[in-house]
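Peer 1: After the structure tokens below, expect a handful of questions from me.
No lab work stands behind these numbers, since they all come straight from the coordinates. Everything numeric here is computed off the predicted structure, so don't read it as measured data. Cβ placement follows ideal geometry from the backbone for every residue including glycine, while neighbour counts extend to all protein chains displayed.
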Amino acid sequence: MTNVVPLEQKVLKENDRLAIELRERFAKANTLVVNLISSPGSGKTRLLERTLELLPDGVHAAVLTGDIQTDADATRLARFGYPVRQITTGGTCHLDAKMITKHLDGWNLEELDILFIENVGNLVCPSSYDLGEAAKIVLLSVTEGEEKPLKYPSIFFKSKLILLTKTDLLPYVPFDYELAQRNARQVNAEADILGVSTTNGEGMREWMEWLEKRVSAVGCR
Amino acid sequence: MHEVGIAASVLDAIRTELNRRPGARAIAVGLRIGELSGVEPSSLRFGFEALVSGSELEPLRLDVEYLPRVQHCLDCDARFHADRYTLACPHCDSLRGECISGDELDISYIELAEEHA
């Protein structure tokens, strides 16, 4: 005889279990964790470089940066004096909670105000994996096309902040900034949207304020 | 393309369930996949079939229920399918709404053949 057994569980139950553990650890340590996601080349690493430069003295930050191969990004980011670790996935197109747990080994979260996770460059797969972060942040550069939120709704839907990057290039590319914002709003009416340029500094103050507001919300420092 | 990994997680869940039920064999598994889940059903099916083929679980049927994004309007209480991501309520045009369905990635059931002594 056959028997239909209702299972009613998340497919990524094991990842979700580890993500819940991570979220509890981050909350206990008052560490703000943000997960940066975008296509390859949207400027995640560059944004992090500028962000680490602009962080006020006394803010303790660290970075986990994911790539399929090479430790090039870790080398770039280590120049700013904050702890940085490369996660090399060896072909996997996203970071998962297990990789985060493993690479936090030996770090004292109590000493960290903010942990940046730079995901593998990919607008699709990282959206399915909870890493225990407080916020997913999606980057969309103005050289990519304003229809991206409609083509990749999952990640735009799940992000708390949408950063439109490389805005200094707007005069040179046929990117309709208003339309991009409208498309993002269609998928996610609640997310914050900021335009930033690491080249001319536009929007960087607002981005740093967005972060600092959340750092002070999780910590009691 | 993370659907092979997703398919592997589904098979892990089935094996865990079979371990708890000696003598049972899995015939089918049912998944709920929302359009906002980031998972493409046809890629998932491809990965699923590749992993099942030649394994102790063969043959195993995959049933997928694909779910659209459903919005709940906070102004007039209507529930509607957010077609092409247009979030405005078709009844009152309000943009104030919450997403109540569409990001599922769940195993809803396993169909088993069980031997009874």
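Peer 1: Once you order the gyration tensor axes a ≥ b ≥ c over the Cα atoms, which shape class does the range A:1-46 get: rounded for a/c under 1.5, otherwise prolate or oblate by comparing a/b with b/c?
Peer 2: oblate
Peer 1: Okay, next question. Filter the GluC sites (Glu not before Pro) in the range A:137-197 down to the DSSP loop ones having no more than 15 other Cβ atoms within 10 Å, then list what survives. Kindly include the intermediate steps, with their values, before the conclusion.
Peer 2: Details: sites: A:Glu144, A:Glu146, A:Glu147, A:Glu178, A:Glu190; in loops: A:Glu144, A:Glu146, A:Glu147, A:Glu190.
Filter output for the range A:137-197: A:Glu147, A:Glu190.
Peer 1: With θ set to phi - 60°, apply the Karplus curve 6.51 cos²θ - 1.76 cosθ + 1.60 along the range A:141-147 and write out the HN-Hα couplings as whole Hz, x wherever there is a Gly or Pro.
Peer 2: Each residue of the range A:141-147 in turn: 8, 6, 8, 9, x, 7, 8 Hz.
Peer 1: Right, here's the next one. How big, in percent, is the set of alpha carbon pairs in the range A:1-133 lying more than 27 Å apart?
Peer 2: Values: 1862 of 8778 pairs.
In whole percent, the share of Cα-Cα pairs in the range A:1-133 beyond 27 Å is 21.
Peer 1: For n ≥ 4 DSSP H runs only, could you compute -39500 (n - 2.57) per run for chain B, divide by its residues and tell me the 222 nm figure to the nearest 500?
Peer 2: Value at 222 nm, helices only, nearest 500: -8000 deg cm²/dmol.
Peer 1: Per residue Cα convex hull volume for chain B, in cubic angstrom?
Peer 2: 117
Peer 1: Right, another one. Share of Cα-Cα pairs in the protein assembly as shown beyond 30 Å, in percent?
Peer 2: Details: 24042 of 56953 pairs.
Value for the protein assembly as shown (Cα pairs over 30 Å): 42 percent.
Peer 1: What do you get for trypsin sites (Lys or Arg not before Pro) in the range B:16-67 restricted to DSSP loop and a cutoff of at most 15 other Cβ within 10 Å of the site's Cβ?
Peer 2: On the way: sites: B:Arg20, B:Arg25, B:Arg32, B:Arg45, B:Arg61; in loops: B:Arg20.
Sparse-neighbourhood loop trypsin sites (Lys or Arg not before Pro): B:Arg20.
Peer 1: Also, I was wondering about something else. Could you work out how far helix B:41-52 tilts from the main Cα principal axis of chain B, as a 0 to 90 degree angle to the nearest 10?
Peer 2: 10
Peer 1: Something else: Using just the Cα positions, wrap the range A:87-207 in a convex hull and report its mean projected area in square nanometres, one decimal place. Present the calculation step by step, with values, prior to reporting the outcome.
Peer 2: Working: hull surface 34.7 nm².
Convex hull of Cα atoms, orientation-averaged projection: 8.7 nm².
Peer 1: Can you give the average number of partner chain beta-carbon atoms within 10 Å of each beta-carbon in peptide A:150-159, as a whole number? Show your work: numbers first, answer last.
Peer 2: Working: counts 2, 0, 1, 9, 8, 2, 2, 9, 4, 0.
The shielding value for this peptide is 4.
Peer 1: Ignoring GluC sites (Glu not before Pro) that are buried or in helix or strand per DSSP, and keeping those with at most 12 other beta carbon atoms within 10 Å, what is the longest stretch of chain B between them?
Peer 2: Details: sites that count: B:Glu56, B:Glu115.
So the longest stretch without any such site is B:57-114.
Peer 1: Can you tell me the 0 to 90 degree angle between the C-alpha axis of helix B:3-19 and the longest principal axis of chain B, rounded to 10?
Peer 2: Helix B:3-19 sits roughly 50 degrees off the main axis of chain B.
Peer 1: To continue, here is another question. Run through the range A:16-111 and list the trypsin sites (Lys or Arg not before Pro) located in a DSSP loop whose Cβ has at most 13 other Cβ atoms within 10 Å.
Peer 2: Values: sites: A:Arg17, A:Arg23, A:Arg25, A:Lys28, A:Lys44, A:Arg46, A:Arg50, A:Arg76, A:Arg79, A:Arg85, A:Lys98, A:Lys102; in loops: A:Arg79.
Within the range A:16-111, the qualifying trypsin sites (Lys or Arg not before Pro) (loop, at most 13 other Cβ atoms within 10 Å) are A:Arg79.
Peer 1: Now a separate question. In whole Hz, with x marking every Gly and Pro, tabulate ³J(HN,Hα) for the range A:135-140 from phi via Karplus 6.51 cos²θ - 1.76 cosθ + 1.60, θ = phi - 60°.
Peer 2: 8, 8, 10, 9, 10, 9
Peer 1: Considering just Cα atoms, how many Å³ per residue does the convex hull of the range B:13-72 enclose?
Peer 2: Values: hull volume 5.9 nm³, N = 60.
Per residue, the Cα convex hull of the range B:13-72 comes to 99 Å³.
Peer 1: Follow-up question, since we're still on this one. Would you kindly enumerate the cysteines in chain B that have no other Cys beta-carbon under 4.7 Å from their beta-carbon?
Peer 2: Those would be B:Cys99, since no other cysteine Cβ in chain B comes under 4.7 Å of theirs.
Peer 1: Still on this structure, I have one more. How many nm separate the modelled label positions at A:Arg205 and A:Asp105, each set 7 Å beyond the Cα in the direction of the Cβ?
Peer 2: In this crude label model, A:Arg205 to A:Asp105 measures out at 4.5 nm.
Peer 1: Output ³J(HN,Hα) for the range A:10-20: one whole-Hz value per residue in order, computed from phi by the Karplus curve 6.51 cos²θ - 1.76 cosθ + 1.60 with θ = phi - 60°, and x for Gly and Pro.
Peer 2: Karplus-based 3J(HN,Hα) across the range A:10-20 equals 5, 4, 9, 4, 5, 4, 5, 5, 5, 5, 5 Hz.
Peer 1: Taking every DSSP beta bridge that has both residues in chain B, what percent is antiparallel when rounded to the nearest 5?
Peer 2: Counting only bridges with both partners in chain B, antiparallel ones make up about 70 percent.
Peer 1: Follow-up. Based solely on its DSSP helices, what 222 nm [θ] is calculated for chain A when runs of n ≥ 4 H residues each add -39,500 (n - 2.57) and the sum is averaged over all residues, nearest 500 deg cm²/dmol? Each step should come with its number before you reach the end.
Peer 2: Working: 8 runs with 77 residues, N = 221.
The per-residue figure over chain A is -10000 deg cm²/dmol.
Peer 1: Taking H as built 1.01 Å from N, whose amide H comes closer than 5 Å to the amide H of A:Val5, not counting residues under 5 places away?
Peer 2: Distant-sequence amide H within range of A:Val5: B:Ile110, B:Glu111, B:Leu112.
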